Amino acid sequence: MKVEPVSPAMGVRITGIDLHEAGDGLVSDLRSLLLDHHLLVIAGQALHRPEFQEFGFKWGELMTHPSGMDRDNPYVQLLAYEGRMRGKVFGAWHSDMSWHPTPPQITMLHARTLPPSGGDTGYANQHLAWESLDRAAGDKRRTSRRELPTSEELEGLRANHTGKGFGPDVPDSVHPLVRTHDETRRLALYANPEFTTHIVDMAQTDGKLMLWALWTHAITLEFTYRHAWSTGDLVIWDNRSVMHTAILDYDAPRAMTRVVVKGDVPV
Ligand SMILES: O=C(O)CCC(=O)C(=O)O
Ligand SMILES: [Fe+2]
């Protein structure tokens, strides 16, 4: 197994393994790489849906999603797009299912069919966003600096996340704006423009300004990695550490399969 960094912000690329043969030893090695690097690119895989689901179960309990599960493999989600999106729609940064009371700790996305160009995925390291917050708040070149809270001002604040975009019965959840990774104990910003609606116990306008300043800071290019997919890539990321966004700039079909591993209540 060969392991090389994909960017200074996060991530390693792993070659020389076949996940069809993944035993507990390999999964435990991958898990510790994920805790250190937050994102793994495992190239050259070809997992059919039942195999992908079985691989997922080696990481823990899996979760379903209100949209797009495969009928025969209830924990495999199908993300298939016809394309024709370029210039018409936009992705939004998020941490997966942050509206859930126990959002997934890990997401695995497997590229099966890709457009000839476009369709990358962006990732942003939220530990770096948290750790640099006070420095950024003091940098006068940053347009959002006036509303950007200091780490002290964020202490104890909580925000509401909604899943209503997926259906009227999908729950909302309130989570801390800064969360402690339950395995590494590192702190990370935890709010996103896709699912976070407002800061609890704060006036609407003040809360909105603070959220937008946080999001602008959270996706600072120095914290990011942009993954250009190859067919067969399996990318595994830690939702406790990174946000991501689909980049909807392609006009041809794109099909991915996805599995998510259940997490704990964010604290
Ligand atoms: O399709 C993509 O690039 C990312 C989609 C996404 O947000 C996800 O799989 O969680
Ligand atoms: Fe996502």
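Numbers at a glance
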quantity: Enumeration of residues in the range 64-88 that are of a type in the set (A, V, I, L, M, F, W, C) and in a loop (DSSP other than H, G, I, E, B); calculated: Val76, Met85
quantity: Identity of the residue in the range 99-141, among the polar types (S, T, N, Q), under 18 Å from Thr224 (Cα atoms) and not in a loop (DSSP other than H, G, I, E, B), that ends up nearest to ligand 2 (Cβ to nearest atom); calculated: Thr107
quantity: Count of residues meeting criterion [near ligand 1 (Cβ under 10 Å from one of its atoms) and out of contact with any Phe, Trp or Tyr (no Cβ under 8 Å at 6 or more places or on another chain)] in the range 220-234; calculated: 1
quantity: Residue list for the range 34-59, filter: closer than 18 Å to Glu183 by Cα and either surrounded by 18 or more Cβ atoms within 10 Å (Cβ to Cβ) or of a type in the set (S, T, N, Q) (or both); calculated: Leu34, His37, His38, Leu39, Leu40, Trp59
quantity: Exclusive hit being out of contact with any Asp or Glu (no Cβ under 9 Å at 6 or more places or on another chain) and among the basic types (Lys, Arg), set Arg112, Arg49, Arg13; calculated: Arg112
quantity: Residue within the range 108-127 that is more than 16 Å from ligand 1 (Cβ to nearest atom), surrounded by 14 or more Cβ atoms within 10 Å (Cβ to Cβ) and over 30 Å from Leu19 (Cβ atoms) present; calculated: no
quantity: Selection from the range 238-267 of residues that are within 13 Å of ligand 2 (Cβ to nearest atom) and either in a strand (DSSP E or B) or buried (at least 23 other Cβ atoms within 10 Å of the Cβ) (or both); calculated: Asp238, Asn239, Val242, Met243, His244, Thr245, Ala246, Met256, Arg258, Val259, Val260
quantity: Residue that is surrounded by the fewest Cβ atoms within 10 Å (Cβ to Cβ) [pool: residues in the range 60-104 that are within 25 Å of Ala129 (Cβ to Cβ) and aromatic (Phe, Trp, Tyr)]; calculated: Phe90
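Residue-by-condition table, conditions (1) surrounded by fewer than 16 Cβ atoms within 10 Å (Cβ to Cβ); (2) in a loop (DSSP other than H, G, I, E, B); (3) at pLDDT below 95:
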{"residue": "Pro149", "(1), (2), (3)": "no, yes, yes"}
{"residue": "Pro193", "(1), (2), (3)": "no, yes, no"}
{"residue": "Ser230", "(1), (2), (3)": "yes, yes, no"}
{"residue": "Ile236", "(1), (2), (3)": "no, no, no"}
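The values are calculated or read from the model by the stated rules, or taken from the named source; none is laboratory data. Predicted model only: the values in this text are computed from it and were never measured. Here Cβ is always computed from backbone atoms with ideal geometry, including for glycine, and neighbour counts include all displayed protein chains.
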